[in-house]
Amino acid sequence: MDLKVLNATIKKEFQIRLHAYPMSFMVGCILTSFYTTFGAWLMYHYFFRKRLAVDFTELAGTSDYMSYAIVGSLMYLFVVRTCLNVSRTLITELREGTLESLMLAPFKRTSYFLGNMLLQTFMTFGETAIATLIGVFFGLRIHDFSLLKFVVATLLSLYGFFGLSLMLGCLMLYARDTYISQNTLFTAMFLVCGITFPKEYLPSWLQLIGSIIPVTDALTLMRGALLGGLSTESFMLVSLRVFILGTIYIVVGFPLMKQVERIALEKMEG
Amino acid sequence: MKYFMKVLLAESYKQHRNYFNNRLIYVSLFVWPMFSFLAAYYSYRAFDFGGNIISYISTENILVFILLGYMAMSFFRSVVQSAWNFSRERQSGTLEYIYLSPANRLAVLLGNALSSVFESAVVMFIFGMLIILFNRSALNVNIVGLILVLAIFMVMALLWGVFLNACFLYSRDTDFLFTILEEPMEIFAGVKVPVVIFPGWARIISCIFPLTYVLEALRQVSLNAASISSIKTTILISLVIIMVLLGATLITIQIVEKHMRKTGNVVLF
């Protein structure tokens, strides 16, 4: 780990955010979270008058639909923001013309990506806080808070999302496209990761896809830490799964990124 | 008229060549609405349908109910996307050439919207029709009403597209359009959750979106076998919206042209 690179990356990115950052991105993401929450609120309070399906409580581990859906939408906001920014870093450098000079510098990939991730996490916490306030207004309640579980869930989620971002970053840099790849992944995640409904409702092949995306399990952990309904044994089991998934993504992601960088540099002007 | 058609066809053909050179376009036009539709459908499974307050919606036809919403939205969405692409023409300078030519402005805009409405939404439309055919029992159609409503629907989607395109002739800032039109349309126009159950303030917002009215009419005639007389208010409002959109477009085109003549620059403004 090269702290100098880490530090420099954070500083550089922070300067970019401060001076040339499209605010509409941030506002757009908070709005997305708002619309999801709002849709769930309409369905729960106005369309079905608080009547849930019989199997919901058992599958979700809580009978509070609004909190369930809001925690989901907050987590979704978090994933979208971190993945989006970390995976876009290299392709943004390519587009802005700084990739070549970056490659000339003897920089460590790990520190570079970690620096980006750290800054982004910090920023995203701010946005999620705003979205949480909106969520509280729509009925977000914490039922069974466990600090230890919350910390574990947050750290493991970040670990998993970091792996996911690396993979997405490879894909983006290889295809030199951000619009299609990011939006496809995000809409797919919204479907298979159990954001607003228990994933058990999905057909099994979609559940299978959901289980290889760390977001699904990370969300289960986060809900367990905030809303309860998850025994300590299953919490540990799911934690282990997120850790293993994240590790696989990271172990595959870094070498793959190196390969893709080479390809990207080769056809940079093409 | 012959000349108008010529411009219209030429522009549609140009847009076709422009957008469909890459197969990935189908991902954004078909896969994304598909995923959103499925997510909406499964999120309904968390609820007990006995508690629902709209008599004509049940567990049997909720699939078709949501699907109709997403199909209709894919038409309206495709024109937003086409308007977004159209704004690139201003940046790349082709808009200037179009304005130098004697081509009818309305024909150009109409051609643009026409190609995107029909080509973009066709995949979603075919898919939706297949699903609906498999779920025939959920339908309760008033055929005459359906034909009328479909005709109104098409005209409205088309004019909505023309109007958005015209707005982009005036302004360069296009990102706001997505923030305003993409997701709010999904929620407020009743694509996912029917507008009837909205609280008052949300209903007022929903009135802004033309999709709200045609979608309601479309669902009424295909799921509730509503007679034309029972949905005549919705149809009348839709017709008024069509007139307003057409009028607004013509006025915008005039204003834009005047403005461009005065400032003398299409590309950079």
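For residues in the range B:24-83 being within 26 Å of A:Ser63 (Cα to Cα) and of a type in the set (D, E, K, R), which is surrounded by the most Cβ atoms within 10 Å (Cβ to Cβ)?
Per the stated criteria, the residue is B:Arg45.
Of A:Leu164, A:Leu156, which residue is of a type in the set (A, V, I, L, M, F, W, C) and farther than 20 Å from A:Ile91 by Cβ?
On the way: A:Leu164 fails: farther than 20 Å from A:Ile91 by Cβ.
On inspection, the qualifying residue turns out to be A:Leu156.
Specify which of the listed residues (B:Tyr99, B:Tyr41) is more than 26 Å from B:Gln220 (Cα to Cα), of a type outside the set (Gly, Ala, Ser) and out of contact with any Pro (no Cβ under 6 Å at 6 or more places or on another chain).
Only one candidate passes the filter, namely B:Tyr99.
Quick one: would you say B:Tyr19 is within 14 Å of another protein chain (Cβ to nearest Cβ) and either farther than 28 Å from B:Pro184 by Cβ or within 21 Å of the chain's Cα centre (by Cα) (or both)?
Working: within 14 Å of another protein chain (Cβ to nearest Cβ): yes; either farther than 28 Å from B:Pro184 by Cβ or within 21 Å of the chain's Cα centre (by Cα) (or both): yes.
It is true that B:Tyr19 is within 14 Å of another protein chain (Cβ to nearest Cβ) and either farther than 28 Å from B:Pro184 by Cβ or within 21 Å of the chain's Cα centre (by Cα) (or both).
Where residues in the range B:158-191 are farther than 17 Å from B:Tyr213 by Cβ and crowded, with 22+ Cβ neighbours inside 10 Å, which of them is modelled with the highest pLDDT?
Of the range B:158-191, the ones farther than 17 Å from B:Tyr213 by Cβ are B:162, B:164-180, B:182-183.
Filter again for crowded, with 22+ Cβ neighbours inside 10 Å, leaving B:162, B:164-166, B:168-169.
Details: B:Val162: 87, B:Leu164: 84, B:Asn165: 82, B:Ala166: 83, B:Phe168: 77, B:Leu169: 76.
Step by step, filter the range B:158-191, then rank; the result is B:Val162.
I'm trying to understand the selection: among the residues of the range B:132-153, which are in a helix (DSSP H, G or I) and loosely packed, with under 15 Cβ neighbours inside 10 Å? Even if it seems obvious, please write down each step before you answer.
Pass one, the range B:132-153, residues in a helix (DSSP H, G or I): B:132-134, B:136-138, B:143-153.
Those that are in a helix (DSSP H, G or I) and loosely packed, with under 15 Cβ neighbours inside 10 Å: B:Leu133, B:Phe134, B:Arg136, B:Ser137, B:Ile143, B:Val144, B:Ile147, B:Ala151.
Would you confirm whether any residue within the range B:205-222 is within 14 Å of another protein chain (Cβ to nearest Cβ), more than 13 Å from the chain's Cα centre (by Cα) and not polar (S, T, N, Q)?
Within the range B:205-222, one or more residues are within 14 Å of another protein chain (Cβ to nearest Cβ), more than 13 Å from the chain's Cα centre (by Cα) and not polar (S, T, N, Q).
Being modelled with pLDDT under 85, farther than 19 Å from A:Thr216 by Cα and in a helix (DSSP H, G or I) narrows it down to one of A:Met103, A:Met117, so name that one. Full working, then the answer.
Numbers: A:Met117 fails: modelled with pLDDT under 85.
After ruling out the rest, the residue left standing is A:Met103.
Mind listing whichever residues of the range B:240-261 are within 19 Å of the chain's Cα centre (by Cα) and either more than 16 Å from B:Gly161 (Cα to Cα) or modelled with pLDDT under 85 (or both)?
Within the range B:240-261, just B:Val240 meets the criteria.
Given the structure, is A:Leu18 assigned to a helix (DSSP H, G or I), over 21 Å from the mean Cα position of the chain (by Cα) and either within 11 Å of chain B (Cβ to nearest Cβ) or surrounded by fewer than 22 Cβ atoms within 10 Å (Cβ to Cβ) (or both)? Step through it out loud before you land on a result.
Details: assigned to a helix (DSSP H, G or I): yes; over 21 Å from the mean Cα position of the chain (by Cα): yes; either within 11 Å of chain B (Cβ to nearest Cβ) or surrounded by fewer than 22 Cβ atoms within 10 Å (Cβ to Cβ) (or both): yes.
Criteria met by A:Leu18.
Residue by residue through the range A:115-131, note down the ones that are touching a residue at least 60 places away in the same chain (Cβ under 8 Å) and over 17 Å from A:Gln15 (Cα atoms).
Listed by number, the residues that qualify are A:Glu127, A:Ile130, A:Ala131.
Filter the range A:45-72 down to the residues that are free of Cβ contacts under 8 Å to residues at least 24 places away in the same chain and part of a helix (DSSP H, G or I), then identify the one that is farthest from the other protein chains (Cβ to nearest Cβ).
A:Glu58
Kindly check whether there is at least one residue in the range A:178-193 that is over 17 Å from the mean Cα position of the chain (by Cα), within 14 Å of chain B (Cβ to nearest Cβ) and crowded, with 19+ Cβ neighbours inside 10 Å.
no
Confirm whether B:Phe127 is farther than 30 Å from B:Glu257 by Cα, aromatic (Phe, Trp, Tyr) and part of a helix (DSSP H, G or I).
Values: farther than 30 Å from B:Glu257 by Cα: yes; aromatic (Phe, Trp, Tyr): yes; part of a helix (DSSP H, G or I): yes.
So B:Phe127 passes the test.
Hey, can you tell me all the residues within the range B:84-106 that are at pLDDT 80 or above and loosely packed, with under 13 Cβ neighbours inside 10 Å?
Result: B:Tyr97, B:Leu100, B:Ser101, B:Pro102.
Exactly one of (1) within 14 Å of chain A (Cβ to nearest Cβ); (2) more than 24 Å from the chain's Cα centre (by Cα); (3) hydroxyl-bearing (Ser, Thr, Tyr) is unmet by B:Thr94. Its number?
(1)
Tell me which residues, restricted to the range B:27-68, are more than 10 Å from chain A (Cβ to nearest Cβ) and part of a helix (DSSP H, G or I).
Scanning the range B:27-68 gives B:Leu29, B:Phe30, B:Ile62, B:Leu63, B:Val64, B:Phe65, B:Ile66, B:Leu67, B:Leu68.
Among the residues of the range B:69-79, which ones are within 14 Å of chain A (Cβ to nearest Cβ) and farther than 21 Å from A:Leu202 by Cα?
Step one: list which residues in the range B:69-79 are within 14 Å of chain A (Cβ to nearest Cβ), which gives B:69-70, B:73-74, B:77.
Listed by number, the residues that qualify are B:Met73, B:Ser74, B:Arg77.
Under 7 Å between Cβ atoms, at least 6 apart or on separate chains: pull out the pairs that start in the range A:25-43 with a residue that is at the interface with chain B (Cβ under 7 Å from one of its Cβ atoms) and crowded, with 17+ Cβ neighbours inside 10 Å and end on any residue that is assigned to a helix (DSSP H, G or I) and polar (S, T, N, Q).
Sorted first by the residue in the range A:25-43, then by its partner, the pairs are A:Gly28/B:Thr179; A:Leu31/B:Thr179.
Give A:Ser101, A:Ser87 a once-over and let me know the one that is of a type in the set (Gly, Ala, Ser), within 30 Å of A:Val251 (Cα to Cα) and crowded, with 19+ Cβ neighbours inside 10 Å. I'd like the intermediate steps shown before the answer.
On the way: A:Ser101 fails: crowded, with 19+ Cβ neighbours inside 10 Å.
One residue alone meets the criteria, A:Ser87.
Assigned to a helix (DSSP H, G or I), at pLDDT 90 or above and touching a Leu at 6+ places or on another chain (Cβ under 6 Å), is that true of A:Ala129?
On the way: assigned to a helix (DSSP H, G or I): yes; at pLDDT 90 or above: yes; touching a Leu at 6+ places or on another chain (Cβ under 6 Å): no.
Judged against the criteria, A:Ala129 is not a match.
Any idea which of A:Gly253, A:Gly224 is buried (at least 19 other Cβ atoms within 10 Å of the Cβ) and over 28 Å from A:Thr37 (Cα atoms)?
Numbers: A:Gly224 fails: over 28 Å from A:Thr37 (Cα atoms).
Sole residue among the options that is buried (at least 19 other Cβ atoms within 10 Å of the Cβ) and over 28 Å from A:Thr37 (Cα atoms): A:Gly253.
Looking at the range A:194-205, which of the residues that are more than 15 Å from the chain's Cα centre (by Cα) and more than 8 Å from chain B (Cβ to nearest Cβ) is surrounded by the most Cβ atoms within 10 Å (Cβ to Cβ)?
A:Lys199
Just give me the residues in the range A:78-129 being of a type in the set (D, E, K, R) and within 12 Å of the chain's Cα centre (by Cα), in sequence order.
If we filter the range A:78-129 for residues that are of a type in the set (D, E, K, R), which is where we start, we get A:81, A:88, A:93, A:95-96, A:100, A:108-109, A:127.
Scanning the range A:78-129 gives a single hit, A:Arg81.
Tell me whether the range A:107-127 contains one or more residues that are surrounded by 22 or more Cβ atoms within 10 Å (Cβ to Cβ) and closer than 23 Å to B:Lys192 by Cβ.
No, the range A:107-127 contains no residue that is surrounded by 22 or more Cβ atoms within 10 Å (Cβ to Cβ) and closer than 23 Å to B:Lys192 by Cβ.
The values are calculated or read from the model by the stated rules, or taken from the named source; none is laboratory data. All values derive from a computational prediction rather than experimental measurement. With ideal geometry, Cβ positions are generated from the backbone for all residues, glycine too; neighbour counts draw on all protein chains shown.
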